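Student: The structure that follows is given in the form of structure tokens.
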Amino acid sequence: MAATGVITLGEVVAVYGYVAVLVVPVSNFIEGGGDIARARVSGQRIIDLLNLPVARDDERDGGPLPHGSGPLSDPDSGVVVRPGLLTALVAVRTSEAISVIERLGRVGAETEVTWAGVRIDAVARAELRSRLVVADNDAEVFAGTVREIVAGRLEPDDSRIHAALRVAVAEDVVEALPDGLDAVLAAGGSDLSGGQRQRVRLARAVYASPDILLAVDPTSAVDANTEAAMIDRLREARQGTTTVITTMSPLVLDRADEVIVLVDGKVAAVGKHSELLHTDSTYRELVSRAQDGR
């Protein structure tokens with residue numbers, strides 16, 4: 001435009017100057033709009049977190065739990081976990097099995113689940129948490145030594161820690177670390193593979209030695225040989241106590257004492273793996289699909 005005489009050279013310089021001056025404030029204005037949007041979302045999350053109700057044992061008469069390890073009953077689904085068994089939960093939709101585990105473990109809202117006839121939401125939370133453990137693949141792995149991570153809130157005992165690691169087939173994880181049990185792991189176990197984190201989480205749950213262990217698909221990230229060893233050792237280590245596992249793995253289902261099949265969140269069949277394969281078409285289809293997926 002300057003070359004054709006539409007505008008003067010002075011006007012070219014003026015336009016350039018205006019643009020150069022406005023670039024910074026305009027970009028700051030745009031960036032500030034994004035900051036405000038993120039701040040509003042983050043602030044609302046903080047407010048929602050602070051508004052969550054805090055469970056206090058002194059708000060209710062916390063009666064004691066019955067002795068033994070069950071039975072654990074969920075009226076919503078009809079699931080009854082018999083004491084002393086390794087029970088597998090199978091569902092058409094994985095979320096249905098997880099919902100049952102959350103109710104059985106008193107995760108979240110009020111629940112009508114009973115432990116040997118006593119509602120678990122009517123007992124002291126501290127006692128329930130010491131005798132019932134929910135282990136899932138989203139459980140946090142905090143930064144610290146292997147010893148501290150496996151021991152959790154309990155006092156560390158090296159012999160018990162090694163035993164728990166063996167049950168979870170996680171000995172090789174520790175052996176590969178230069179300092180063994182004293183090796184420091186990063187927050188979230190980010191320096192471990194998915195399968196290694198899964199085995200460390202299981203070792204932590206085993207170390208707690210609860211009367212009832214509820215585990216959400218604890219072998220999903222390992223190979224078949226490791227999976228078989230994990231279930232065999234878990235079954236042996238927890239003889240006399242109750243263990244519930246959500247799974248679709250035929251290998252795990254074959255080793256379970258009892259399999260409970262859920263359809264639309266309700267119990268559709270109960271039995272051993274070999275029996276259900278012959279008598280329940282829904283179960284047979286689920287297992288076949290899982291086997292093809294692997």
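The values are calculated or read from the model by the stated rules, or taken from the named source; none is laboratory data. If you're wondering where the values come from, they're calculated on a predicted model, not measured in any experiment. Ideal geometry is used to build each Cβ from the backbone, glycine not excepted, and the neighbour counts take in all protein chains shown. The area values use the complete protein model at the heavy-atom level, side chains included, leaving out ligands, DNA and RNA. Shrake-Rupley method; radii C 1.70, N 1.55, O 1.52, S 1.80 Å.
Student: Taking the alpha-carbon set of region 48-155, what are its Rg and Dmax in Å?
Tutor: Both quantities, over Cα of region 48-155: 15.4, 42 Å.
Student: What are the extents of the Cα atoms of region 214-294 along their three principal axes, listed from largest to smallest and rounded to whole Å?
Tutor: Rounded to whole Å, the extents work out to 32, 29, 22 Å.
Student: Mind checking the angle between helix 94-104 and the chain's longest principal axis? C-alpha axes, 0 to 90 degrees, to the nearest 10.
Tutor: 70 degrees
Student: To continue, here is another question. Pop a pseudo-label 7 angstrom from the Cα along the beta-carbon direction at both GLN291 and ASP158 and give the gap in nm to one decimal.
Tutor: With each label point 7 Å from Cα toward Cβ, the separation is 4.6 nm.
Student: For the chain, what are Rg and Dmax over the alpha carbons, in angstrom?
Tutor: Calculated on Cα positions, Rg and Dmax stand at 27.3, 98 Å.
Student: With every protein chain present, what is the per residue accessible area of the chain (1.4 Å probe, Å²)? Present the calculation step by step, with values, prior to reporting the outcome.
Tutor: Numbers: 16020 Å² over 294 residues.
Solvent-accessible surface per residue comes out at 55 Å².
Student: Highest GNM mean-square fluctuation, the chain, Cα pairs closer than 10 Å: which of ARG233, ARG82, ARG153?
Tutor: Comparing ARG233, ARG82, ARG153 in the GNM, the peak value goes to ARG153.
Student: Something else about it: So, counting K/R as plus one and D/E as minus one, what does the shell of residues with Cβ under 14 Å around GLU175 add up to?
Tutor: On the way: positive: ARG166, ARG199; negative: GLU171, ASP172, ASP179, ASP182.
So the environment of GLU175 carries a net charge of -2.
Student: At 0.36 nm per residue, and after removing the present C-alpha to C-alpha distance, how many nm does the segment from VAL21 to ALA126 gain when stretched out fully? Before the final figure, lay out the partial values.
Tutor: On the way: separation 105, 0.36 × 105 = 37.80 nm, distance 6.31 nm.
Here the segment from VAL21 to ALA126 would lengthen by 31.5 nm.
Student: Nearest 10 degrees is fine. How inclined is helix 281-293 to the longest principal axis of the chain, computing both from alpha carbons?
Tutor: It works out to around 50 degrees.
Student: Tell me, what is a quarter of the convex hull surface for the C-alpha atoms of region 1-109, in nm² with one decimal? Walk me through the numbers on the way to the answer.
Tutor: On the way: hull surface 64.3 nm².
Reported value for the Cα convex hull: 16.1 nm².
Student: So what's region 155-294 giving for Cα Rg divided by 2.2 N^0.38 Å, two decimals? Working shown, then result.
Tutor: On the way: Rg = 16.6 Å, N = 140, 2.2 N^0.38 = 14.4 Å.
Output field value: 1.15.
Student: Here's a follow-up. Expected output is a single nm value to one decimal: the length gained when fully extending between ALA237 and ASP179, i.e. 0.36 nm times separation in residues minus the C-alpha distance. What is it?
Tutor: Working: separation 58, 0.36 × 58 = 20.88 nm, distance 2.66 nm.
Separation in residues times 0.36 nm, less the Cα-Cα distance, equals 18.2 nm.
Student: Still on this structure: Of all accessible surface on the chain at a 1.4 Å probe, what whole percent is carbon and sulfur?
Tutor: Working: 8910 of 16020 Å².
Carbon-and-sulfur percentage of accessible area, whole number: 56.
Student: Something else now. Can you figure out the FRET efficiency of VAL267 with VAL118, using R₀ = 25 Å and their beta-carbon distance, to the nearest 0.05?
Tutor: 0.70
Student: How are the alpha carbon pair distances in region 100-186 distributed across 10 Å bins from zero to the largest one, expressed in percent?
Tutor: Distribution as computed: 14, 39, 25, 18, 4 percent.
Student: Using a 10 angstrom cutoff on alpha carbons, build the Gaussian network for the chain and name the most mobile of VAL167, VAL259, VAL24.
Tutor: Sorting by GNM fluctuation, first place goes to VAL24.
Student: Could you work out the helix-only [θ] at 222 nm for the chain, with each DSSP H run of four or more residues adding -39,500 (n - 2.57) and the total divided by the number of residues, to the nearest 500 deg cm²/dmol? All intermediate terms of the calculation are to be shown ahead of the outcome.
Tutor: On the way: 11 runs with 136 residues, N = 294.
Calculated mean residue ellipticity at 222 nm is -14500 deg cm²/dmol.
Student: To continue, here is another question. What is the sum of charges around ARG201, taking Lys and Arg as +1, Asp and Glu as -1, for the other residues whose C-beta is under 13 Å from the C-beta of ARG201? Intermediate values should be presented prior to the final figure.
Tutor: Details: positive: ARG197, ARG199, ARG204; negative: ASP136, ASP138, GLU140, ASP217.
With Lys, Arg at +1 and Asp, Glu at -1, the net is -1.
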